[in-house]
Amino acid sequence: FAMVDRAQKEWESTFDAMSDGIFIFEQNGKLVRVNRAGAAMDRAHPESLLGQKCCDILRTDSDGAACIVEQALHQSGSINLEITPRHLDRPVLVTVEPVLDERGQTVGAVCTARDLSELRKVGAVARERQSLLKNIMESAREAIYALDGEGNYKWCNQAMLDMTGYPLHDIIGHHFLERTHEDDREMSKERFATALLGEAQSFESRYIARDGSVRFAAVNSA
């Protein structure tokens, strides 16, 4: 009994410590358990929400909106929906999963509500940093390009186009050996394979420009 009691207390602590709102509903659609994060979305104490339905708790300004928990219970399938609860006033991603018994019958539902505002802030910062990095690489005087694991060009900067004379559509999707001088292809292939293993490479290689001339390049790959 001591082990069971300790396990239950650990589960309760974990349940309440989760940052996502967790709501557990019975088959009749009424709430039987909610953690602190979930209750906070309704600005209420957890115990005060027990017995209420999802559409009463995560209320929105959409009149006549169907209760997503009732939908999940009825169709025995998961539902994902973005809503803006009236009390929270910011977007929440709600996921409802039906709970099935050993006979496959729906006996309840678990609803997870995730606040999207912080995730979108993180996404906005990531996009800003990506844009800055792309601007830096585009303004570089050196040719910079990215290859996939097979050696095909996935991206290159303007300096790469200026250096080779090829338009973008003649580079992206093509294998780097197509532009490499035939006498340097085996060496370049080996260097590429070594770089894929995590060992940075620095070497000289000849390539063929669009006008047919042979050019020399100092290549650094990682």
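Of note:
- Compared with the dominant principal axis of the Cα atoms in the chain, helix 117-139 is inclined by about 10°.
- With the helix formula -39500 (n - 2.57) applied to DSSP H stretches of n ≥ 4, the chain reaches a computed 222 nm mean residue ellipticity of -10500 deg cm²/dmol.
- The chain: angle of helix 185-196 to the longest principal axis, Cα-based, in degrees nearest 10: 30
- R0 of 45 Å, Cβ-Cβ distance residue 213-residue 122: FRET efficiency to nearest 0.05: 0.40
- Relative contact order of the chain, taken over Cα pairs closer than 8 Å and 6 or more residues apart, is 11 percent.
- Sorting 97, 47 by solvent-accessible area of protein heavy atoms yields 47, 97, largest first, with a 1.4 Å probe.
- Given R0 = 41 Å, the distance between the Cβ atoms of residue 79 and residue 155 translates into a calculated FRET efficiency of 0.60.
- In region 151-201, GluC sites (Glu not before Pro) in a DSSP loop with at most 11 other beta-carbon atoms within 10 Å: 199
- Between the Cα long axis of helix 2-17 and the first principal axis of the chain there is an angle of about 60°, rounded to the nearest 10.
- Applying 0.36 nm per residue to the separation of residue 130 and residue 186 and subtracting their alpha-carbon distance, the gain on full extension is 16.7 nm.
- Sites excluded, trypsin sites (Lys or Arg not before Pro) in DSSP loops with at most 16 other C-beta within 10 Å, longest stretch of the chain: 142-209
- Spatially close lysines, pair count over the chain: Cα under 23 Å, gap of eight or more or interchain: 4
- Candidate values [x] 79, 46, 30; [y] 78, 47, 36; [z] 65, 36, 29, label of the one derived for Cα extents along the principal axes in Å: [x]
- Cα gyration tensor shape of region 76-183, rounded if a/c is under 1.5, else prolate or oblate by comparing a/b with b/c: oblate
- Residues of region 167-189 with amide N under 18 Å of a point placed 7 Å along Cα→Cβ from residue 204: 180-189
The values are calculated or read from the model by the stated rules, or taken from the named source; none is laboratory data. Since this is a predicted model, take the numbers as computed values, not measurements. Using ideal geometry, Cβ is built from the backbone for each residue, glycine included, and neighbour counts are taken over all protein chains shown. What goes into the accessible areas is simple: the full protein's heavy atoms, side chains included, and nothing from ligands, DNA or RNA. Shrake-Rupley method; radii C 1.70, N 1.55, O 1.52, S 1.80 Å.
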